[in-house]
Every structure is written in structure tokens, then in C-alpha cells.
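Report on the following structure.
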Amino acid sequence: MENIPDKFDPKPRKFIVWLFVVSSTIMFGGFTSYYLVFSASKGKGHGLILPDAFIYSSLVIIASSITLLLASRALKKLNFSLQRNLLWLTVILAIVFGVMQFSAWGSMVRTGATLVGNNAAISFIYVVSGVHLLHIIAGVGLIINALVGSYRDIPAAKSQFKMEIASIFWHFIDILWIYLYVFLLLNR
């Protein structure tokens, strides 16, 4: 079998990530637009005091973006050990975020605010936070890909690319969560 040289071209792959970011933005924009139209037609929003776990998870996801930013900087300085540690910390913070989301849902259920009920605005909270959590899982996959790449002897361009893709996606879902949380706070 002939040895074909690896012609690594990041442009198409980066385009796909940006396409996913744009399409996710449109999807969540559609969700929030639907919520505004629904609330206006019913004359009410979800009417809930959001669980404290949502604010704490917001702080956790912001911290995870900071650790990922620091991991990118460590890679640029060729400090692979620090990069790996910060990537592991980012993954741990992402898991904590997910656990806190489940905790928030549990708090809502205990107050009687269930996914299936007589207020579709409450169901909206579960849907958007659940779809966002799916994005978190995808983001963790990209971070783990960058982490695995940091342990392998791969070209610097590929390692940097893996970090860049993980960073683009992760910072997007961080900003997305902050937007969703503020949106839910303002549209009770």
C-alpha cells in the first residue's frame, strides 16, 4: 500500500464548525422567538423563580471557558503539562455543569414545574437547557479530542487546530448558555 502524505488542511474543518455554530445560533434564536410569541399570545411567561443551580452552573461554565483559554495559551508557550492539566480541569467543570443542570431540573420538578404540564413556557426551559446540554456533550468531545492530541506526537499545526476548534465551539456554548439564562430571567 502506498504511503500517502497527510495533507492537513484545516479550512474545510473549521468551516464546518463555524457552520454548526451559525446553525445552532439560528436554532436557539428560533426557540427564543417562539417563546416570546407564545408568551405574548398567552399573556404570561414561565412564572418561575429559576433554581439557584442555574446561576451556579453559569459560573462554572464561565470558569471552564477561562480554563480552556489558559490551556490554549499554555499550548502556544509549549507548556504541554499545563495545557493537559487545564484541559482536564475544563472537562471536569463541564461535567459539573451537566450535574448542576440535572440538579436544576430536579429542583423544578420538586416545585411542580415539570416538562409535561399545563404551561408550555415551563417545558421550554427543559427543552432549551436540554438541547444546550447536548451541545455541552459535543463540546466535551472536542475538548477530549484536543486532550488526546496533547498526549500524542502530532504536528504542532494539528495540535493547535484541535485546540482552536475546541475553543471556538466551547466559547460559543458558554456565551449561548449565558444568553439563555439571562433570557429566562428576563422573560418570566
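The values are calculated or read from the model by the stated rules, or taken from the named source; none is laboratory data. Because the structure is predicted, anything quoted here is derived from the model rather than measured. Quick reminder, even Gly has a Cβ in these numbers, built from the backbone with ideal geometry, and neighbours come from all protein chains shown.
Quick look at the numbers
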quantity	calculated
Qualifying position, being exposed (fewer than 15 other Cβ atoms within 10 Å of the Cβ) and modelled with pLDDT under 90, among 33, 41	41
Scan of the stretch 59-108 for residues that are touching a Pro at 6+ places or on another chain (Cβ under 9 Å) and hydroxyl-bearing (Ser, Thr, Tyr), ordered by number	103, 107
Residue selected from the stretch 107-124 under the condition among the aliphatic types (A, V, I, L, M) and at pLDDT 90 or above, by the criterion farthest from residue 181 (Cα to Cα)	109
Subset of the stretch 61-78 [of a type in the set (S, T, N, Q) and either free of Cβ contacts under 8 Å to residues at least 40 places away in the same chain or outside any helix (DSSP H, G or I) (or both)]	67
Breaking point among (1) surrounded by fewer than 20 Cβ atoms within 10 Å (Cβ to Cβ); (2) within 24 Å of residue 77 (Cβ to Cβ), for residue 179	(2)
Unmet requirement for residue 160, which otherwise passes all of (1) under 30 Å from residue 37 (Cα atoms); (2) surrounded by 15 or more Cβ atoms within 10 Å (Cβ to Cβ); (3) more than 19 Å from the chain's Cα centre (by Cα)	(1)
Cβ-Cβ under 6 Å pairs, at least 6 apart or on other chains, the stretch 148-166 side touching a residue at least 24 places away in the same chain (Cβ under 8 Å) and in a helix (DSSP H, G or I), far side among the β-branched types (Val, Ile, Thr) and crowded, with 19+ Cβ neighbours inside 10 Å	166/143
Lone unmet requirement of (1) in contact with a helix residue (DSSP H, G or I) (Cβ under 8 Å, 6 or more places away or on another chain); (2) on the phi < 0 side of the Ramachandran plot for residue 47	(2)
Residue among 99, 140 that alone is surrounded by fewer than 17 Cβ atoms within 10 Å (Cβ to Cβ), assigned to a helix (DSSP H, G or I), modelled with pLDDT of 95 or more and touching a Ser or Thr at 6+ places or on another chain (Cβ under 9 Å)	99
